[in-house]
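Undergrad: The structure that follows is given in the form of structure tokens.
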Amino acid sequence: MMLPNWEQYFCNFVVTMKSIVLQTMILNPKLLAFLLAIFIAIFTTTFLWFLPETNANILFVSFVASLAIAGLLIYFVLDYLVFQEINKMYDSINRLKMKDFGVTRKKLQKDNNPLRKLNNELFVYVSKKEQEVTELKRLEKYRREFLANVSHELKTPIFAAQGFVHTLLDGAMDDEDVRERFLQKAAKSLDGLDILVKDLLTLSQMETGDIKMNPERIDIKQITKEVFEQLENKALSKNVKMFVKAPQSAIFVRADAQRIGQVMTNLVENAIKYGHENGTIWVVFEEDKKDFKISIRDDGPGIASEHLNRIFERFYRVNKARSRTGGSSGLGLAIVKHILQAHRTKISVVSKLEKGTTFSFKLEKSLNNE
Ligand SMILES: Nc1ncnc2c1ncn2[C@@H]1O[C@H](COP(=O)(O)OP(=O)(O)O)[C@@H](O)[C@H]1O
Ligand SMILES: [Mg+2]
């Protein structure tokens, strides 16, 4: 059924006005305020027009006045109370997208504006949730990778030892020469497995807090000497010379003797293992105001910069093939980092290809009677 003409016009008018209003709302508050003010002005003027004493001047003045006042008021309300706050909400959403979570609860409580308060509350809540989700995702990824790495690392020595033993059982045992060689290889693989499991155990105990650091007054120069003695054979087999560069007196620091011994062993052992044959290693002690700086320096092949910040990760090795055969777990530096963190200090490394590598860390001085 066709609508009569005036009804069609009216419908068209309403649809057009609706789309204009919607568009202006999206575009800016000024236009919207102006449109609403015109409506109010027309309405007021029409109302006045019906009164008997009105004339053109009064109608004009009332139109202009209501247009101006309504326009200004609506603009103020829209712009200051709604649009600006909505823009801030967009800002918040953008910040969330960019993972910029810098809002504190203090800042939030000061505001009187309810919209702003709501915005801030929402922002803090959502950003906290976002942070939690990010952290959970990171942990989940870490757990998956760790499990994969552990299985892989365990598999390598077990398979090797298994291979040698089975070959022996399958008949190679009868040849005396082969028997000796294969048994030695199997033993080496199992030794590697032993190192790996011990290192894993140490790391896991440190993480679960089973191993407590026991800080006491220790002479780190003495500990270094013991480490040198312990690694003397390894150094001799590569003809590596080891030196200590330190003040004459004993060097007392506050630390866990056994754990710091482990740190020194891991670092000096690495320097021997990854250094050149006939190389030199220095352990240098430098005194600061509050602490001693301990550096372990070698003149080996160095570590390329792309590996440098990854060597402290578990199982990370620069030369995977070479180090795996050498009975290393890839956990040595991860353990070092952990122990030093527990001493509230951190390890740093400087390395230059073909020049050498220096690992260093600080330990708190122990005063006389501590
Ligand atoms: N002094 C060093 N010179 C050169 N490379 C080193 C040195 N110390 C460590 N690295 C590299 O860092 C890697 C990680 O060391 P580490 O965690 O002790 O594992 P691992 O010794 O069991 O392989 C080593 O595989 C080696 O490639
Ligand atoms: Mg090592």
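Undergrad: Working from Cα positions, state the angle (0 to 90°, nearest 10) between the long axis of helix 220-230 and the longest principal axis of the chain.
TA: 60 degrees
Undergrad: Which residue, ALA257, ALA235, ALA56, tops the fluctuation ranking in a GNM of the chain built on C-alpha contacts under 10 Å?
TA: Most flexible of the set in this elastic network: ALA56.
Undergrad: How far is helix 176-208 tilted off the main Cα axis of the chain, in degrees rounded to 10, range 0 to 90?
TA: That works out to roughly 40 degrees.
Undergrad: Oh, and also: If R₀ is 22 angstrom, what is the calculated FRET efficiency for the pair LYS290 and ASN214, using the beta carbon separation as r and rounding to 0.05? Don't skip to the answer; put the middle values down first.
TA: Details: r = 21 Å, r/R0 = 0.95.
It comes to 0.60.
Undergrad: Any of LYS241/LYS273; LYS212/LYS346; LYS198/LYS225; LYS273/LYS362; LYS241/LYS293; LYS155/LYS185 with alpha carbons more than 20 Å apart? Name them for me. Working shown, then result.
TA: Numbers: LYS241/LYS273 13 Å; LYS212/LYS346 18 Å; LYS198/LYS225 24 Å; LYS273/LYS362 24 Å; LYS241/LYS293 22 Å; LYS155/LYS185 16 Å.
Among LYS241/LYS273; LYS212/LYS346; LYS198/LYS225; LYS273/LYS362; LYS241/LYS293; LYS155/LYS185, the Cα-Cα distance tops 20 Å for LYS198/LYS225; LYS273/LYS362; LYS241/LYS293.
Undergrad: If you don't mind, there's one more thing I want to ask. How far apart, in nm, are two points set 7 Å out from the Cα along the Cα-to-Cβ line at GLN258 and at MET173?
TA: 4.0 nm
Undergrad: Which three semi-axes in whole Å describe the equivalent ellipsoid of segment 216-364, each the square root of 5 times a Cα gyration tensor eigenvalue, listed largest first?
TA: On the way: eigenvalues 111, 62, 41 Å².
So the three semi-axes of segment 216-364 are 24, 18, 14 Å.
Undergrad: Using the Cα atoms as the points, what is the convex hull volume per residue of segment 150-208 in Å³?
TA: Values: hull volume 3.4 nm³, N = 59.
Once divided by residue count, the hull of segment 150-208 is 58 Å³.
Undergrad: Compute and list, largest first, the equivalent-ellipsoid semi-axes of segment 207-248 from the alpha carbon gyration tensor, each √(5λ) rounded to a whole angstrom. Before the final figure, lay out each step's value.
TA: Details: eigenvalues 149, 59, 10 Å².
Semi-axes (√(5λ), whole Å): 27, 17, 7.
Undergrad: For the chain, what does the helix formula give at 222 nm: sum of -39500 (n - 2.57) over DSSP H segments with n ≥ 4, over the residue count, nearest 500 deg cm²/dmol?
TA: On the way: 13 runs with 229 residues, N = 370.
It lands at -21000 deg cm²/dmol.
Undergrad: List the residues whose amide H sits under 5 Å from the amide H of VAL240, counting only those 5 or more places along or on another chain, with H placed 1.01 Å from N in the peptide plane.
TA: Amide H neighbours of VAL240, under 5 Å, 5+ apart: ASN278.
Undergrad: What percent do you get for the relative contact order of segment 216-364 when only Cα pairs under 8 Å and 6+ apart count? Let's see the in-between values first.
TA: Values: 257 pairs, mean separation 37.0, N = 149.
Value for segment 216-364: 25 percent.
Undergrad: Here's something else I'd like to know. Among LYS346, LYS238, LYS88, determine the one that fluctuates most according to a GNM of the chain built with springs between C-alpha atoms less than 10 Å apart.
TA: Per the Cα network of the chain with a 10 Å cutoff, LYS88 tops the list.
Undergrad: Taking only C-alpha pairs under 8 Å that are 6+ residues apart, what is the relative contact order of the chain in percent?
TA: Numbers: 414 pairs, mean separation 42.4, N = 370.
That works out to 11 percent.
Undergrad: Regarding the chain, what's the average projected area of the Cα-atom convex hull, expressed in nm²?
TA: Details: hull surface 160.5 nm².
Seen from a random direction, the Cα hull of the chain projects 40.1 nm² on average.
Undergrad: How far is helix 114-169 tilted off the main Cα axis of the chain, in degrees rounded to 10, range 0 to 90?
TA: Long axis of 114-169 versus the principal axis of the chain: about 30 degrees.
Undergrad: For LYS137 and GLN230 in one chain, what is 0.36 nm times their gap in residues minus the Cα-Cα distance, to one decimal in nm?
TA: Contour length minus Cα-Cα distance gives 29.2 nm.
Undergrad: Another one. Using the Karplus curve 6.51 cos²θ - 1.76 cosθ + 1.60 with θ = phi - 60°, work out ³J(HN,Hα) for each residue of segment 238-253 in order, rounded to whole Hz, and write x for Gly and Pro.
TA: Ordered by residue, 3J(HN,Hα) equals 10, 6, 9, 9, 10, 10, 10, 10, 7, x, 4, 6, 5, 10, 9, 10 Hz.
Undergrad: Quick one: if you take sqrt(5λ) for each eigenvalue of the C-alpha gyration tensor of segment 5-100, what semi-axes come out, biggest first, whole angstrom?
TA: Numbers: eigenvalues 260, 79, 9 Å².
After diagonalising the Cα gyration tensor, the semi-axes are 36, 20, 7 Å.
Undergrad: Can you give the extra length, in nm with one decimal, that the chain gains between PHE159 and LEU31 once fully stretched, where that is 0.36 nm per residue apart less the Cα-Cα distance?
TA: Numbers: separation 128, 0.36 × 128 = 46.08 nm, distance 7.73 nm.
My answer for the length gained is 38.4 nm.
Undergrad: Expressed as a whole number of Å, what is the distance separating the alpha-carbon centroids of segment 41-64 and segment 285-319?
TA: First find each Cα centre; the distance between them is then 87 Å.
Taken together, the values in this text are just the output of simple stated rules run on the coordinates, not laboratory data. From a predicted model like this one, the values you see are computed outputs, not experimental measurements. Every residue, glycine as well, gets a Cβ built from its backbone with ideal geometry; the counts of neighbours run over all protein chains shown.
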